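Remarks on the structure that follows.
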Ligand code: DI6
Ligand code: FE
């Protein structure tokens, strides 16, 4: 079999569904051709392979490239000042009244040039790539006008042109109410549905549509309108759901066949059951849980009981999760949410791919998928979850390169 490159003498954690646990292959190899895996498995079972380049991995571990399936990487400014005020005892309400919160990031994002937005996002993306990320999802949601939301999404798309990484974009116009809306949420949702989604869908700027279903954001009924507009324009949906309270966002998302429902600290069993039946992925965001010092963890046992796939992501955003480390996210998934090592590693590979509707394309070491690999200097996969602030990445491969 012709191939471009072979990685041999490796230990594989394939994350393939039809294998137990991590799908470990002790003496394995991966072969690629035209950026796709043509073989991944035991060296002894490999077909005759002819490759101009053979890489000896010297016993290192190979996992699928890591996927960050929930980020707000593109935004202006930061909220470090607000962080200091919170430490000094200021409440979110006091900060919001002083012009802080999402609104301050909206102002900073609108004021930033496209070049500045790109440069700032690249610093965050480079941190993720350095730890083995080969795909990231990037949301809008800090523009809140058609022009500014489209600009965020264009910058997100440019990230994939500036770096060897796959970028998926999500329109999150229903993230917060802009100040110029004068408190009229229904009017703003009408703008999101009637003007923004049609224009963004027509320009192909978004791969999915998301919304923030919360008392401080938008109601289930307003989210329903956003989802109906997304469906009318052929876009799949995701939802920031049940993060601070139970508005039954999980069931709402499942009802629309959402790719994922995200956060879910306050999800109830009816919502989790609905997610299991709909195949909606639970995207767990321990960075936000940690940073806002939440005390109610998502119902992990319910997700397990109802067969809901669990993904993990950084939720990289300036307000509640200024986190650009998938490796630390892995540790938080285990330490804070009590996920197993296997669940954590599946959460940033196979299940994260599912949360983006790309389970057929990426997320496991299987023939036919993109040859996205992370090669690690570790003795056992658990080290990727166990350590904090240590990066054992030896090499990263994106589309076979
Ligand atoms: N949930 C969150 O935690 C962030 N957005 C959301 O929907 C907060 C975003 C911010 O504070 O800038
Ligand atoms: Fe988020």
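Filtering the stretch 266-275 to residues that are assigned to a loop (DSSP other than H, G, I, E, B) and either away from ligand 1 (no atom under 16 Å from the Cβ) or buried (at least 22 other Cβ atoms within 10 Å of the Cβ) (or both) leaves 267, 268.
With respect to the conditions (1) touching a residue at least 12 places away in the same chain (Cβ under 8 Å); (2) farther than 19 Å from residue 135 by Cβ, residue 284 lacks only one, and its number is (2). Assessment of the stretch 132-152 against the conditions (surrounded by fewer than 21 Cβ atoms within 10 Å (Cβ to Cβ) and closer than 30 Å to residue 327 by Cβ) yields no matching residue. The residues of the stretch 246-258 that are surrounded by 24 or more Cβ atoms within 10 Å (Cβ to Cβ) and either without any contact (Cβ under 8 Å) to a residue 12 or more places away in the chain or within 16 Å of ligand 1 (Cβ to nearest atom) (or both), listed by number, are 249, 250, 252, 253, 258. The numbered conditions (1) assigned to a loop (DSSP other than H, G, I, E, B); (2) crowded, with 18+ Cβ neighbours inside 10 Å; (3) within 16 Å of ligand 1 (Cβ to nearest atom) are all true for residue 332 except (1). Counting the residues of the stretch 306-324 that are touching a strand residue (DSSP E or B) at 6+ places or on another chain (Cβ under 9 Å) and more than 16 Å from ligand 2 (Cβ to nearest atom) gives 3. In the condition set (1) over 24 Å from residue 61 (Cα atoms); (2) in contact (Cβ under 8 Å) with a residue 12 or more places away in the chain, residue 324 is compliant with all but (1).
Specify which of the listed residues (270, 261) is without any contact (Cβ under 8 Å) to a residue 24 or more places away in the chain and within 14 Å of ligand 2 (Cβ to nearest atom).
Every option except 261 fails the conditions.
Would you mind stating whether residue 287 is crowded, with 23+ Cβ neighbours inside 10 Å and within 23 Å of residue 77 (Cα to Cα)? So residue 287 passes the test. Does residue 85 satisfy the condition of being surrounded by 23 or more Cβ atoms within 10 Å (Cβ to Cβ) and not in a loop (DSSP other than H, G, I, E, B)? Taking the combined requirement at face value, the residue does not satisfy it. Residue 103 satisfies every condition listed in (1) within 14 Å of ligand 1 (Cβ to nearest atom); (2) surrounded by 20 or more Cβ atoms within 10 Å (Cβ to Cβ) except (2). In the stretch 39-82, which residues are within 16 Å of ligand 1 (Cβ to nearest atom) and exposed (fewer than 15 other Cβ atoms within 10 Å of the Cβ)? Once the filter is applied, which keeps residues that are within 16 Å of ligand 1 (Cβ to nearest atom) and exposed (fewer than 15 other Cβ atoms within 10 Å of the Cβ), the stretch 39-82 yields 80, 81.
Candidates in the stretch 157-177 are the residues that are closer than 30 Å to residue 35 by Cα and within 16 Å of ligand 1 (Cβ to nearest atom); of these, the one that is nearest to the chain's Cα centre (by Cα) is 170.
Please tell me if residue 34 is touching a strand residue (DSSP E or B) at 6+ places or on another chain (Cβ under 9 Å) and in contact (Cβ under 8 Å) with a residue 24 or more places away in the chain. When the stated conditions are applied, residue 34 does not pass them. Mind checking which residues of the stretch 357-384 are touching a residue at least 60 places away in the same chain (Cβ under 8 Å) and either in a strand (DSSP E or B) or in contact with a helix residue (DSSP H, G or I) (Cβ under 8 Å, 6 or more places away or on another chain) (or both)? Within the stretch 357-384, 362, 363, 364, 370, 373, 374, 375, 376, 378, 381, 384 meet the criteria. Residues in the stretch 276-303 that are under 18 Å from residue 335 (Cβ atoms) and in a helix (DSSP H, G or I): 286, 287, 288, 289, 290, 291, 300, 301, 303.
Any read-out appearing in this document is the output of simple, stated calculations on the displayed coordinates, not a laboratory observation. Everything quoted here is computed from the prediction, not taken from an experiment. Cβ atoms come from the backbone with ideal geometry, glycine included; neighbour counts cover every protein chain shown.
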